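Please read the structure below before turning to the comments.
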Amino acid sequence: MDKRLLLASPHMSDEGYELKYIHDAFQKNWIAPLGENVNEFEKTMGAYMGRGYPVALSAGTAALHLAMILAGVKPGDTLLILGDEETGIIVTKPDVLRDAADDIFGKMEK
């Protein structure tokens, strides 16, 4: 039995709207690291949430890294790292902070 959980399965709409944005990004040379679509997404999310300054990041690891910095995690702090044996997903701290805190691994159960 395959128990994989696809977190970001690629999908294109039947109408092909995504191709317009891809073409636009290439035409405007907004391939990396950011572009006006990302800027607009952050602005729209900020308005929707009604506060703060949302930041779009490249990956979940970057989001965890930023969250730990904003939470004030520092050397000597202890982090509880949870894992789920059924799906195989283990939420871990990013490698960039591997020396910044001690960790304790725990198992999630239903």
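The values are calculated or read from the model by the stated rules, or taken from the named source; none is laboratory data. None of the values given here were measured: they were computed from a predicted structure. Cβ placement follows ideal geometry from the backbone for every residue including glycine, while neighbour counts extend to all protein chains displayed.
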Scope the range 47-65; condition assigned to a helix (DSSP H, G or I) and either in contact (Cβ under 8 Å) with a residue 12 or more places away in the chain or within 10 Å of the chain's Cα centre (by Cα) (or both); matching residues: Gly60, Thr61, Ala62, Ala63, Leu64, His65
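Just a yes or no: is a residue in the range 33-41 at pLDDT 75 or above and not in a helix (DSSP H, G or I)? Reasoning before the result, please.
We begin by selecting, within the range 33-41, every residue at pLDDT 75 or above; these are 34-41.
If we keep only those that are not in a helix (DSSP H, G or I) as well, we get 34-35.
So far as the range 33-41 goes, yes, one or more of its residues are at pLDDT 75 or above and not in a helix (DSSP H, G or I).
Look through Asp14, Asp24 and report the one residue that is assigned to a helix (DSSP H, G or I), more than 20 Å from the chain's Cα centre (by Cα) and at pLDDT 70 or above. Please lay out each step first, then the result.
Details: Asp14 fails: assigned to a helix (DSSP H, G or I).
None of the others qualify; the one that does is Asp24.
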Unmet criterion (only one of (1) surrounded by 11 or more Cβ atoms within 10 Å (Cβ to Cβ); (2) modelled with pLDDT of 85 or more) for Asp103: (2)
